[in-house]
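See structure below.
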Amino acid sequence: MTELSQAAIDAALQRAEEAVARGEGLAGTGFWPAVAAARRDPAVAGPHADRIAAVDRRAASTWALVRVPPLTGHALVAAGLVLGAAALAAAGGLDGSGQAAALLGGGLLLLLSTHAPAHWIAGRLVGIAFTGYFVASLHDPFPGVKIDYATYLRASPRARALMHAAAPVVSKVVPFAVLGVAVAVDAAPAVRTVLLVVGIGQLAVDLAFSTRSGDWSKVLRELRG
């Protein structure tokens, strides 16, 4: 792959800054090739990381459906975790449709509420910071965390890979953990089947798609260099 010169990176960042100042997206500015060059080469990341981070923060306003600051995001995902755990805890005292709703609803809340914090916690452990939470679109309702590119680009490839891997690993564990609860409370076979299908389905989706366009593709990208 041809590496960009410092002048080409400066020009791309200038175009990106002008685009976001006009309220436009980053497509066609050369911003992401510049980011890729900085990601591959610490010598490039050093002088450009803060500028890249500033552009990325401003650009988020053009594509994110919802953005919230860190404390608000933490509070929301914590509420989801508490409600999800409470629903699972209550399932043992319920039966029939009430138990099914508690197990499936609690499991869904845990899925929605663990993905972003897993990225956040793993990232902070390896020195990567975040600027807040977001929801990209109604078609992708999972809350995400907005990476601070200045710290991301200065982190090692293995650190970035760990951060990207944390969330999909947790998301694969959750359905099977909820299935364990369902078995423990002797839930209806249909409920256990749904949870098993969700767990296996997520694994299949990761194998089919995520290694090409999702979190696992980023993990592989970082490990390959």
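The values are calculated or read from the model by the stated rules, or taken from the named source; none is laboratory data. Predicted, not measured: the structure shown is a model, and the values here were computed from it. Cβ atoms come from the backbone with ideal geometry, glycine included; neighbour counts cover every protein chain shown. Just so you know, the surface numbers come from the protein's heavy atoms only, side chains and all, with ligands and any DNA or RNA stripped out. Shrake-Rupley method; radii C 1.70, N 1.55, O 1.52, S 1.80 Å.
Quick one: which of Ala27, Ala43, Ala11, Ala7 is in a loop (DSSP other than H, G, I, E, B), farther than 24 Å from Arg124 by Cβ and open to solvent by 20 Å² or more (accessible area, probe 1.4 Å)? So the residue among Ala27, Ala43, Ala11, Ala7 that is in a loop (DSSP other than H, G, I, E, B), farther than 24 Å from Arg124 by Cβ and open to solvent by 20 Å² or more (accessible area, probe 1.4 Å) is Ala27. No other residue among Gly107, Gly132 is assigned to a helix (DSSP H, G or I) and either in contact with an Asp or Glu (Cβ under 9 Å, 6 or more places away or on another chain) or not aliphatic (A, V, I, L, M) (or both) apart from Gly107. Each residue in segment 109-128 was checked for being more than 13 Å from the chain's Cα centre (by Cα) and among the hydrophobic types (A, V, I, L, M, F, W, C), and 5 of them qualify. On inspection, Gly73 fails the criterion of being within 12 Å of the chain's Cα centre (by Cα), at pLDDT 95 or above and more than 20 Å from Gln202 (Cβ to Cβ). Scanning segment 143-152 for residues that are at pLDDT 95 or above, within 17 Å of the chain's Cα centre (by Cα) and either over 16 Å from Trp120 (Cβ atoms) or assigned to a loop (DSSP other than H, G, I, E, B) (or both) turns up just one, Asp148. Would you please name the residue that is most open to solvent (accessible area, probe 1.4 Å), looking only at residues in segment 110-129 that are more than 15 Å from Val173 (Cβ to Cβ) and part of a helix (DSSP H, G or I)? Selected residue: Leu125.
Pairing each residue of segment 82-98 that is farther than 17 Å from Pro117 by Cβ with any residue that is at pLDDT below 95 and open to solvent by 80 Å² or more (accessible area, probe 1.4 Å), provided the two are 6+ apart or on different chains, yields no C-beta distance under 6 Å. Checking each residue in segment 62-73 for being touching a residue at least 12 places away in the same chain (Cβ under 8 Å) and not β-branched (Val, Ile, Thr) picks out Trp63, Ala64, Leu65, Arg67, Pro69, Pro70, Gly73.
Reported count of residues in segment 153-189, each being open to solvent by 30 Å² or more (accessible area, probe 1.4 Å), outside any helix (DSSP H, G or I) and within 30 Å of Val44 (Cα to Cα), is 1. Of the candidates Ala86, Ala78, the single residue that is modelled with pLDDT of 95 or more and more than 24 Å from the chain's Cα centre (by Cα) is Ala86. In segment 135-152, of all residues being among the hydrophobic types (A, V, I, L, M, F, W, C) and crowded, with 19+ Cβ neighbours inside 10 Å, the one that is nearest to Leu104 (Cα to Cα) corresponds to Val145. Here is the figure for segment 14-24: residues that are open to solvent by 60 Å² or more (accessible area, probe 1.4 Å) and assigned to a helix (DSSP H, G or I) total 4.
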